[in-house]
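The values are calculated or read from the model by the stated rules, or taken from the named source; none is laboratory data. Keep in mind the model is a prediction, meaning the values are calculated, not measured. Note: ideal-geometry Cβ built from the backbone for every residue, glycine included; neighbour counts use all protein chains shown.
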Amino acid sequence: MNSQHRSLIIVIIAFITCITILQSCKTDNNEVATTTPYLLNTNGNLPQPLLPADNPLTEEGVQLGRMLFYENALSRDGSQACASCHLQATAFVDSLKLSIGVQGLEGRRNSMPLFNLAWHNKGFFWDGRAKTLREQALLPIQDELEMDETLDKVINKLTAKNNYLDQFELAFGDATITEERIGLAIEQFMISLVSADAKYDKWKKEQATFTESELRGYQLFFTESNPQAIESGADCFHCHGGDLFTNAHLMNNGLDTDAEFTDLGLYEVTGLDSDKAKFKVPSLRNVALTPPYMHDGRFETLTQVLNHYNSGAKESSTLDPNMHAIIENGLQLSEQDMADIINFLHTLTDETYLNNPAYSNPFE
Ligand code: HEC
Ligand code: HEC
C-alpha cells in the first residue's frame, strides 16, 4: 500500500467516525436538544427546593402535566379532572367538607391545597401514604371514590388524541404514553405550583406594611406560649413555622381523644400505635381561601380553628408534645389576640399565585 492509499483510507475512516459520532450525538441528546429547562420562581422568598434529580423540570414536561391535570379523560366517565377537586381560585381545594368522586360518592377526606409541594419530604396526602408526587398522581385516577379509572384505559384514551401524542414527544423524545410518564409529567406540573408572593412576602422585603393588628398577629403566631410570662404567644410556629408555614411532618394536633379516633391517619400507612390519628401539617399560606379546615373539614371558619387551639384541644395517646404544653393551661388568647392572628393569616393570601396564567386550564 503506498502512502497515497494509506492517507485515503485514513480520511475515509475519519469520515465514518465523524458521521458515527454525529449520529450518536443526535440520538443520545435528542431530549436535551429539544426541551427547555423550566425555572422555578420563588422570588427569593423560599428555601432551596428539593427537586427530583431524575425528573428535571422542562417547559414541555410541565405543560404536559398541566394538560393532564385539567384532562377529564383521566376519569371513568369523562366527567372529572384533577382540577374538578383542585380549583386554582381557592388555592386548588374544592371547598367541600369531603370531596366527591365520579360516582357521586363522598370520599373520606377534605381536599388539600396545592402549592410549594417540592419542599414536602415527609409524604403526600393527609396520611403521607404517597412518598413522591409521581406516585401520588396515579392514585386519584384509580381510586373508586375519586376518578375510578384504570391506567390502561387512560393510556388508550390519551393515545387516541393527537395533542397528547405531540406533547409526550416534546416532553420525552417520543410519543409513547406510559404510566410512568404520566406520573412524571404531573409531578412536574405539581412542582411548578409556587406560592411565594403574598403580602407577608412583600412585608418581609419592606415592600408592604402590616397594620397594627397584622403585626400583633404575626408576633403571637411566632411566639412560644407561656401564660406565666408577660410575652405569651400562640405557639403556631412549632408546626406551621418557616416561610413555608409548615414543617410538612405528620402530627396529632388534639382534635380527638383516643376513643373518638375514627380516621387513623398515618397509622394506616405504618401500622404503628404511636402514629394513630397523625395527619400532615398543612401549610397556612392561602389558608383564608381554603375552608372548611382539617383532614375531615370539621371546622368551617378560622375562628373555630383558633378556638380549638385556644381551649378546645384534647388529650390523647399520640398528641404532639407541643400541644401538651398548650392544653395544660390553654393558650389564654383574648378575642383580640385571635382576631389579630386571623388578620395575620390573611396576609398569606397570594394573588400572584391564585391568578398565575401558567397554572390555569390550558384548554380554555
Ligand atoms: C374527587 C376529588 C379529587 C380528585 C379528582 C383529585 N384529588 Fe387530589 N386530593 C383530593 C383529596 C380529598 C385529597 C386528600 C386525600 C387524602 O389525604 O386521603 C387530595 C390530595 C392531593 C395531593 C396531596 C397534597 C399534599 O400536600 O400532600 C395532591 C398532590 C393531589 N391531591 C393532586 C391531585 C392530582 C394530580 C389529581 C389528578 C390525577 C387529583 N389530585 C385528583 C381530592 C381529589
Ligand atoms: C403540634 C403541631 C401544631 C401546632 C402547635 C399548631 N398546629 Fe395547626 N395543624 C397541625 C396539624 C397536624 C393540622 C392538621 C390536623 C388534621 O387535619 O388532622 C393543623 C391544621 C391547622 C389548620 C387547618 C388548615 C387546613 O388547611 O385545613 C389551621 C388553620 C391551623 N392548623 C392553624 C394553626 C394555628 C393558628 C396555630 C397556632 C394557634 C396552630 N395551627 C398550631 C399542627 C399544629
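List of remarks:
- Within segment 210-244, tally of residues that are within 16 Å of ligand 1 (Cβ to nearest atom), surrounded by 18 or more Cβ atoms within 10 Å (Cβ to Cβ) and part of a loop (DSSP other than H, G, I, E, B): 1
- Positions within segment 85-111 being touching a strand residue (DSSP E or B) at 6+ places or on another chain (Cβ under 9 Å) and closer than 16 Å to Y353 by Cα, in sequence order: H86, L87, V93
- Those residues of segment 268-291 which are farther than 24 Å from E328 by Cα, in contact (Cβ under 8 Å) with a residue 24 or more places away in the chain and not in a loop (DSSP other than H, G, I, E, B), in sequence order: E268, V269, V287, A288, L289
- Total residues in segment 146-194 satisfying the condition of being of a type in the set (S, T, N, Q) and more than 26 Å from the chain's Cα centre (by Cα): the figure is 5.
- Comparison of G233, G217, G297 shows that the only residue that is at pLDDT 95 or above, more than 20 Å from M112 (Cα to Cα) and not hydrophobic (A, V, I, L, M, F, W, C) is G217.
- Close pairs from segment 314-337: first assigned by TED's automatic domain parsing to the domain that holds N252, partner more than 16 Å from ligand 1 (Cβ to nearest atom) and of a type in the set (V, I, T), Cβ under 8 Å, at least 6 apart: K314/T257; K314/I327; E315/T257; E315/I327; S316/T257; L319/I327; L333/I341
- Flag if F363 is under 25 Å from the mean Cα position of the chain (by Cα), of a type in the set (A, V, I, L, M, F, W, C), within 9 Å of ligand 2 (Cβ to nearest atom) and outside any helix (DSSP H, G or I): no
- The criterion of at least 1 residues that are without any contact (Cβ under 8 Å) to a residue 12 or more places away in the chain and over 30 Å from D350 (Cα atoms) is met by the following helices (runs of 4 or more DSSP H) wholly inside segment 134-209: 151-159, 162-172.
- The residue pairs whose first member lies in segment 116-131 and is in a loop (DSSP other than H, G, I, E, B), whose second member is surrounded by fewer than 18 Cβ atoms within 10 Å (Cβ to Cβ) and of a type outside the set (A, V, I, L, M, F, W, C), and whose beta carbons are closer than 7 Å, counting only pairs six or more residues apart or on different chains, are K122/H249; G123/R129; G123/K131; D127/E268; G128/K122.
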